[in-house]
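Trainee: Structure incoming, see below.
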Amino acid sequence: MNKNNHIAELTKHFAIRIIKLYCYLREEKKEFVLSKQVLRSGTSIGANIRESIYAQSRADFVNKMSIALKESSETEYWLELLHEAGFIDDKVFDSIFDDNSKISATLINIIKTAKETVE
C-alpha cells in the first residue's frame, strides 16, 4: 500500500471517530459549539486528501496535502480545548489526539517527499 492510500484510509477512519465524538458531545455533554468546530476540521482532513487524488499538478497535490495538514493542526487545537474544558476525558483525548498526531506526521512526510520530487 502506498503512502497516499494509507493516509486516505487513516483519515477516513479518523473522520468516523470525529463524527462519533461529535454525536457524543452533542447528545451526552450538550456541547454545541466546539463540537461543530472539531467535526468540521476533523472531517476536512480526509476530504482534502481525497481531493488530492485528482490534483492537476504536483503543486496542486502539495497544496491539498498542506491544507489537510492545517486542518489537522486546527483539529488538535479543538481537541485540546475540549479536553481542558472537561468535555472529553484523558483516555479519549489521548487516543484521538495520538491518531491525529500520526496523521500530521504522515502528511509532513508526504509533503516533504512531494516537494523534493519537484525540486
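Trainee: Just to be sure before I move on: is Gly46 open to solvent by less than 60 Å² (accessible area, probe 1.4 Å) and outside any helix (DSSP H, G or I) in the structure I sent?
Mentor: no
Trainee: From the set of residues in the stretch 101-119 that are surrounded by 14 or more Cβ atoms within 10 Å (Cβ to Cβ) and among the hydroxyl-bearing types (Ser, Thr, Tyr), which is nearest to the chain's Cα centre (by Cα)?
Mentor: So, considering only residues that are surrounded by 14 or more Cβ atoms within 10 Å (Cβ to Cβ) and among the hydroxyl-bearing types (Ser, Thr, Tyr), the one nearest to the chain's Cα centre (by Cα) is Ser104.
Trainee: Regarding Asp98, is this residue without any contact (Cβ under 8 Å) to a residue 60 or more places away in the chain, touching a His at 6+ places or on another chain (Cβ under 8 Å) and exposed (fewer than 15 other Cβ atoms within 10 Å of the Cβ)?
Mentor: no
Trainee: Report every pair of residues separated by at least 6 positions or lying on different chains whose Cβ atoms are under 8 Å apart, first residue within the stretch 48-76 and touching a residue at least 12 places away in the same chain (Cβ under 8 Å), second in a loop (DSSP other than H, G, I, E, B).
Mentor: Phe61/Ala55; Lys64/Ala55
Trainee: Please list, ordered by first then second residue, the pairs with beta carbon atoms under 7 Å, 6 or more apart or interchain, first in the stretch 10-39 and farther than 14 Å from Asp99 by Cα, second basic (Lys, Arg).
Mentor: Final answer for the pair search is Phe32/Arg26; Ser35/Arg26.
Trainee: Ok, one more. Among the residues of the stretch 61-92 satisfying the criterion of being of a type in the set (A, V, I, L, M, F, W, C) and touching an Asp or Glu at 6+ places or on another chain (Cβ under 8 Å), which is least open to solvent (accessible area, probe 1.4 Å)?
Mentor: Result: Leu82.
Trainee: Among the listed residues Arg40, Arg58, which satisfies the condition of being over 15 Å from the mean Cα position of the chain (by Cα), open to solvent by 60 Å² or more (accessible area, probe 1.4 Å) and either of a type outside the set (Asp, Glu) or modelled with pLDDT under 95 (or both)?
Mentor: Sole residue among the options that is over 15 Å from the mean Cα position of the chain (by Cα), open to solvent by 60 Å² or more (accessible area, probe 1.4 Å) and either of a type outside the set (Asp, Glu) or modelled with pLDDT under 95 (or both): Arg58.
Trainee: Here is a follow-up. Can you pull out the residues in the stretch 14-36 that are assigned to a helix (DSSP H, G or I) and either among the hydrophobic types (A, V, I, L, M, F, W, C) or closer than 14 Å to Lys70 by Cβ (or both)?
Mentor: The first filter runs over the stretch 14-36 and keeps only residues assigned to a helix (DSSP H, G or I), leaving 14-27, 34-36.
The answer is Phe14, Ala15, Ile16, Ile18, Ile19, Leu21, Cys23, Leu25, Leu34.
The values are calculated or read from the model by the stated rules, or taken from the named source; none is laboratory data. Owing to the predicted nature of the structure, the values given are computational and were not obtained by experimental measurement. Methodologically, a virtual Cβ is constructed for each residue, glycine included, from the backbone with ideal geometry; neighbour enumeration extends over all protein chains shown. Areas reflect the complete protein model, heavy atoms only, side chains present, ligands, DNA and RNA absent. Shrake-Rupley method; radii C 1.70, N 1.55, O 1.52, S 1.80 Å.
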